[in-house]
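Colleague: Before we start, here is the structure in question, set down as C-alpha cells.
The values are calculated or read from the model by the stated rules, or taken from the named source; none is laboratory data. Quantities reported herein were computed from a predicted structural model and do not represent experimental measurements. As a convention, Cβ positions derive from the backbone with ideal geometry for all residues, glycine included, and neighbour counts pool all protein chains shown. Quick note on the areas: whole protein, heavy atoms, side chains included, nothing else; ligands and nucleic acids left out. Shrake-Rupley method; radii C 1.70, N 1.55, O 1.52, S 1.80 Å.
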Amino acid sequence: MAGSQKTVVTHVVLLKVRSDATDDNIQRLTDATHSLKAIPGVISIAVGSTFAEEWMPDRRDGYTHSLTCRLESKDALKVYQDHPLHVKVKTESIAPLLVAPIVAVDYESIVVLGEGRAVEE
C-alpha cells in the first residue's frame, strides 16, 4: 500500500454569509479563496455553499459556506495563517460578507484513499 496514505493537516472554516450577498460577491470570495493555493505548503483548497437534502437533517445552524484547506504540516498551517495573501483574503474578501464570527477547526490525520486513487501532492 506504499504511496496510498499521507499525513496532512486540514483547516476547516464555516462561514455565515450575509443574505444580501450577490452572486458576484460570492464569486469574488470563491476566486480569492482559490488564490490561497499559491501559499507554500497548501496541498488543496475548496470552498462552497453548504446544503441539506430533504432526506437529511439540516445541521448547518445558519452556516452558508464552508472552506477546507489541506496542508502539508502544522508548520505549513503556521505559514498559511501568517501569510500576507491569507490575511488579505480574510480581511478584504471574506470578512465583509459575514454576519457572524467564523467557526474554524484544524486537525492532523492520515488520508486513506479509495482503490485506484492517488494521494494529493
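Colleague: When you go through (1) within 17 Å of the chain's Cα centre (by Cα); (2) at pLDDT below 95; (3) open to solvent by less than 60 Å² (accessible area, probe 1.4 Å) one by one for F51, which number turns out not to apply?
Modeller: F51 satisfies every listed condition except (3).
Colleague: So which pairs qualify, if the first residue must be in segment 98-114 and closer than 13 Å to V9 by Cα, the second must be part of a loop (DSSP other than H, G, I, E, B) and not hydroxyl-bearing (S, T, Y), the Cβ gap must be under 9 Å, and the two must be at least 6 apart or on different chains?
Modeller: V111/V119; V111/E120
Colleague: Still on this structure, please answer the following. Name the residues in segment 58-80 that are surrounded by 15 or more Cβ atoms within 10 Å (Cβ to Cβ) and farther than 15 Å from K16 by Cα, would you?
Modeller: Scanning segment 58-80 gives C69, R70, L71, E72, A76, L77, V79, Y80.
Colleague: Out of all the residues in segment 27-40, is one or more surrounded by 14 or more Cβ atoms within 10 Å (Cβ to Cβ), more than 24 Å from V99 (Cβ to Cβ) and not hydroxyl-bearing (S, T, Y)?
Modeller: We begin by selecting, within segment 27-40, every residue surrounded by 14 or more Cβ atoms within 10 Å (Cβ to Cβ); these are 28-30, 32-33, 35-36, 39.
Checking which are more than 24 Å from V99 (Cβ to Cβ) leaves us with 39.
Among the residues that remain, those that are also not hydroxyl-bearing (S, T, Y) are: 39.
Yes.
Colleague: Identify the single condition in (1) part of a loop (DSSP other than H, G, I, E, B); (2) open to solvent by 80 Å² or more (accessible area, probe 1.4 Å) that A100 does not satisfy, given that it satisfies every other one.
Modeller: (2) is the only condition that A100 fails.
Colleague: Restricting attention to segment 1-26, report how many residues are hydrophobic (A, V, I, L, M, F, W, C), open to solvent by 90 Å² or more (accessible area, probe 1.4 Å) and closer than 26 Å to V79 by Cα.
Modeller: The first filter runs over segment 1-26 and keeps only residues hydrophobic (A, V, I, L, M, F, W, C), leaving 1-2, 8-9, 12-15, 17, 21, 26.
Subsequent filtering for residues that are open to solvent by 90 Å² or more (accessible area, probe 1.4 Å) retains 1-2.
Still in the list and also closer than 26 Å to V79 by Cα: none.
Here the count works out to 0.
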